[in-house]
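Quick notes on the structure that follows.
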There are 4 protein chains.
Amino acid sequence: MSKLQDIITISRKIIYYKGYQATSISDILEEAHIGKGQFYHYFSSKRDLGLAVVEDLVKEWDRDVFEGIFATDLDPIVKLNKMLDRTLAIHLDEEGHSGCPAGNLAIEMSEHDETFRLKVHYIFDRWISSIEGALSELKMQGHLTSDIDAKQHARAIVSMIEGGILLKKSQKEDGFLTNAIAIIRAQYRLS
Amino acid sequence: MSKLQDIITISRKIIYYKGYQATSISDILEEAHIGKGQFYHYFSSKRDLGLAVVEDLVKEWDRDVFEGIFATDLDPIVKLNKMLDRTLAIHLDEEGHSGCPAGNLAIEMSEHDETFRLKVHYIFDRWISSIEGALSELKMQGHLTSDIDAKQHARAIVSMIEGGILLKKSQKEDGFLTNAIAIIRAQYRLS
Amino acid sequence: MSKLQDIITISRKIIYYKGYQATSISDILEEAHIGKGQFYHYFSSKRDLGLAVVEDLVKEWDRDVFEGIFATDLDPIVKLNKMLDRTLAIHLDEEGHSGCPAGNLAIEMSEHDETFRLKVHYIFDRWISSIEGALSELKMQGHLTSDIDAKQHARAIVSMIEGGILLKKSQKEDGFLTNAIAIIRAQYRLS
Amino acid sequence: MSKLQDIITISRKIIYYKGYQATSISDILEEAHIGKGQFYHYFSSKRDLGLAVVEDLVKEWDRDVFEGIFATDLDPIVKLNKMLDRTLAIHLDEEGHSGCPAGNLAIEMSEHDETFRLKVHYIFDRWISSIEGALSELKMQGHLTSDIDAKQHARAIVSMIEGGILLKKSQKEDGFLTNAIAIIRAQYRLS
DNA sequence: TATGAATGAGGATTCATTCAT
DNA sequence: TATGAATGAATCCTCATTCAT
């Protein structure tokens, strides 16, 4: 792995846990075992690193969720289940206590930095579109009643997941996320 | 209004907009037109102010939502609708662009400071219990089928609202919140 | 003397000797025996201090040269001689080896910062106007031939003084300045 | 042109415009399109480059002014006029707004680095000697009265030129230099 | 109560220079 | 010759907090 990617990966973990503002360059230097000069050799500023971190997140979503799940020719039910499984896996993991990486940045950065916001915006936008696509397929298959508004429901699904993750973080109870996902599965008869 | 409450109110606005970490004492002094001495007369530290701000939020919820809505003997449908109306009113207001005051703090502070987390925890907890109570009433009235798990649904409702607010902030589209609330109303036949 | 004026006075000395860019905040803190916080309590930035220093210089000129010499009703010959005496006194002093405080800043800052430039511009402008006035008086007195262009000569006088100071600094020979001033005195029959 | 000379030429321009201290190695690398390694292959330090730049200036003066003008067997009036013409040409050029390259370094570096100072000292010294020589020739020709002190006047001429250039930079008016030179021409009946 | 001067640790960033390749 | 990764001291600046008045 390149040093640059190395720094991004380590920074992503720290920023995920501490938040972007609360993370200091020193935190990163220490964890990555590099000097100030090296950091600024790769990144022109803390913001530059921050954007690289979000970009890394974007790429991961593109690869794992959009290309890896929704762009395949799997059955829409399988797609949606895989996406929900992935979400659960990530957030029930020992390192998944800090909420949604995208959602955290959305809340912390949206009002301060439009560039950050747009990158997070892209993730949510593509996520919703993908779900909308799958729901539309389900409608055509007759699995869902045809009067359903796929876009509205896609938005509701993502809202419930994000809300579930947020509450899980604040209430320290996994149930908030598992419950949200169980309700989604029930609602759209995915299991 | 007392000077103390004045400072809290002003700080709450700034912290709501900027986030707790990104807000400096100076920001508050400037906006409140006070000096350092006065600030440290009322608060022993920034954290102390932060906690007072969350406490202020807690009190507002206790007054406006729990006592003002759920503790009354209104019809449960009316209660839920009033709560949803209030949510919409706050977040569609010009000053409501920065997300959920409680949710923001949940994300920003939960991992750093247990005292902050517990205060936010209390808000969400009481919110969910109140909704759960209303849903139970609705079940008893026969308005909802009796196989419904009130607690799970209360959690789902709050999740969807919080998720809707989060996405509204990041995607800059009111639709995320109005949609979430419309779906809730439809789901539980509140309108 | 106030702490603020204290810092300005100390900074002026250091900046005079080292130059503005080469002077670090730490240099000033050390010499003034103050902490960073105190410095930034009085000045919002290094540039802010720099401007205060030039402003201090401007005020000194206003007081000592313009009001103290040229605005009086002394004989124009006396005025010019007093000004030349003052120049010599300052630059032949042990602490006057670093050139002209205004000229140094003119060279170092003119191209970088218009605000600095304008303050220095003001000093030179007023200096030249004052000399021009004195020369005009001399013309009216018949001390100088009437075909002389007072403005041109005022400019030439200041040019020769500034050039003399510059060369004195570089060549480390007082003669450059004393010579320039002797020539001026001879030229306009001031002694 | 060799790479080394290329770097010196580019650096000279940047240092002339920005000043030595304010010029960073990176500024030079960028403008010269070279890497760190190449730079430190040619120069052992920033100071080393700085000295090479002044040396380049010295050589140019030796070639263009001392050998090209004063060492010829031209008439002293022609010599002096050529020198003044050259000065005007350089400083009225679009790229001549930043003052006198030698004078700037004199002010910025004289107190900090004796080696820099001595190189600038050499330029001024030879310049003055050359003018002194020409004035002496003029005296012998009877063009100037014999009671004139050639050395003093040579110094005065350089002082007025340097002062004129300094004021032109600070006051942003070409008149300061053209005026100084016009007065010199008039004084010694060069035109 | 209130002021604002003072402290000093810590933050982001720059920069000349070295070194492995 | 040449590259650019790496170093680390130093720079400007912020900020929560304390203290004298």
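State which residue is nearest to DNA strand E (Cβ to nearest atom) when the search covers only segment A:40-55 and only residues that are surrounded by fewer than 16 Cβ atoms within 10 Å (Cβ to Cβ) and not polar (S, T, N, Q).
A:40
Being of a type in the set (Gly, Ala, Ser) and more than 21 Å from residue B:171 (Cα to Cα) is the requirement here; does residue A:98 meet it?
yes
Could you list, in sequence order, the residues of segment A:8-44 that are of a type in the set (A, V, I, L, M, F, W, C) and closer than 22 Å to residue A:94 by Cα?
A:8, A:10, A:14, A:15, A:22, A:28, A:32
Between residues in segment B:149-169 that are of a type in the set (Asp, Glu) and residues that are assigned to a helix (DSSP H, G or I), which pairs lie under 7 Å by C-beta distance while being six or more apart or on different chains?
So the pair list comes out as B:162/A:163; B:162/A:166; B:162/A:167; B:162/B:103.
If a residue has to be farther than 16 Å from residue C:99 by Cα and basic (Lys, Arg) to count, how many in segment C:7-39 make the cut?
Count: 1.
Give the residues of segment C:31-42 that are aromatic (Phe, Trp, Tyr) and either touching a Ser or Thr at 6+ places or on another chain (Cβ under 8 Å) or more than 8 Å from DNA strand F (Cβ to nearest atom) (or both), sorted by residue number.
Hit for segment C:31-42 is C:42, nothing else.
List the residue pairs whose Cβ atoms are under 9 Å apart, where the first residue sits in segment D:15-30 and is facing another protein chain (nearest Cβ under 9 Å) and within 12 Å of DNA strand F (Cβ to nearest atom), the second is β-branched (Val, Ile, Thr) and part of a helix (DSSP H, G or I), and the two are 6 or more positions apart or on different chains.
Listed pairs, sorted by first residue: D:22/D:15.
Any residue in segment C:38-51 that is farther than 20 Å from residue C:104 by Cβ sitting within a Cβ distance under 7 Å of a residue that is among the hydrophobic types (A, V, I, L, M, F, W, C) and within 7 Å of DNA strand F (Cβ to nearest atom)? List the pairs, counting only those 6 or more apart or interchain.
If the second residue must be among the hydrophobic types (A, V, I, L, M, F, W, C) and within 7 Å of DNA strand F (Cβ to nearest atom), the pairs left are C:39/C:25.
What do you reckon, is residue A:115 among the hydroxyl-bearing types (Ser, Thr, Tyr) and either under 30 Å from residue D:26 (Cα atoms) or within 16 Å of DNA strand E (Cβ to nearest atom) (or both)?
Yes.
Step by step: first the residues of segment D:6-39, then only those that are more than 10 Å from DNA strand E (Cβ to nearest atom) and assigned to a loop (DSSP other than H, G, I, E, B), then the one that is surrounded by the most Cβ atoms within 10 Å (Cβ to Cβ). Which residue is that?
Per the stated criteria, the residue is D:19.
For the condition within 26 Å of residue C:94 (Cβ to Cβ), buried (at least 16 other Cβ atoms within 10 Å of the Cβ) and acidic (Asp, Glu), what is the one hit in C:132, C:173, C:137, C:162?
Exactly one residue qualifies, and that residue is C:162.
Working only within segment C:169-183, note down all residues that are facing chain D (nearest Cβ under 9 Å) and in a helix (DSSP H, G or I).
C:169, C:170, C:171, C:175, C:176, C:177, C:179, C:180, C:182, C:183
Give the residues of segment A:1-57 that are of a type in the set (Val, Ile, Thr) and more than 28 Å from residue B:18 (Cβ to Cβ), sorted by residue number.
A:9, A:34
Report yes if some residue within segment B:172-179 is modelled with pLDDT of 95 or more and small (Gly, Ala, Ser); otherwise report no.
yes
Residues that are within 13 Å of DNA strand E (Cβ to nearest atom) and either free of Cβ contacts under 8 Å to residues at least 60 places away in the same chain or among the hydrophobic types (A, V, I, L, M, F, W, C) (or both): does segment C:65-77 have at least one?
Checked segment C:65-77: no residue is within 13 Å of DNA strand E (Cβ to nearest atom) and either free of Cβ contacts under 8 Å to residues at least 60 places away in the same chain or among the hydrophobic types (A, V, I, L, M, F, W, C) (or both).
Could you list, in sequence order, all residues of segment D:65-79 that are in a helix (DSSP H, G or I) and among the charged types (D, E, K, R)?
Within segment D:65-79, D:67, D:79 meet the criteria.
I'm trying to understand the selection: among the residues of segment B:134-158, which are away from chain A (no Cβ under 12 Å) and part of a helix (DSSP H, G or I)?
Scanning segment B:134-158 gives B:134, B:135, B:136, B:137, B:138, B:139, B:140, B:150.
Got a number for residues in segment B:110-120 being in a loop (DSSP other than H, G, I, E, B) and within 8 Å of another protein chain (Cβ to nearest Cβ)?
So the count comes out to 3.
Looking at D:131, D:161, D:123 in this structure, which one is facing chain C (nearest Cβ under 10 Å), under 22 Å from residue C:158 (Cα atoms) and either in contact with a strand residue (DSSP E or B) (Cβ under 7 Å, 6 or more places away or on another chain) or β-branched (Val, Ile, Thr) (or both)?
Step by step, each of D:131, D:161, D:123 is checked, and only D:161 is facing chain C (nearest Cβ under 10 Å), under 22 Å from residue C:158 (Cα atoms) and either in contact with a strand residue (DSSP E or B) (Cβ under 7 Å, 6 or more places away or on another chain) or β-branched (Val, Ile, Thr) (or both).
If you scan segment D:85-109, which residues turn out to be part of a helix (DSSP H, G or I) and more than 14 Å from every other protein chain (Cβ to nearest Cβ)?
D:85, D:86, D:88, D:89, D:90, D:92
So which of C:70, C:116 is modelled with pLDDT of 95 or more and more than 22 Å from residue D:169 (Cβ to Cβ)?
Only one candidate qualifies: C:70.
Only one of C:85, C:48 is more than 16 Å from DNA strand F (Cβ to nearest atom) and either modelled with pLDDT of 95 or more or touching a strand residue (DSSP E or B) at 6+ places or on another chain (Cβ under 8 Å) (or both); which?
After ruling out the rest, the residue left standing is C:85.
The values are calculated or read from the model by the stated rules, or taken from the named source; none is laboratory data. In this text, all values refer to a predicted model and were calculated from it rather than measured experimentally. Using ideal geometry, Cβ is built from the backbone for each residue, glycine included, and neighbour counts are taken over all protein chains shown.
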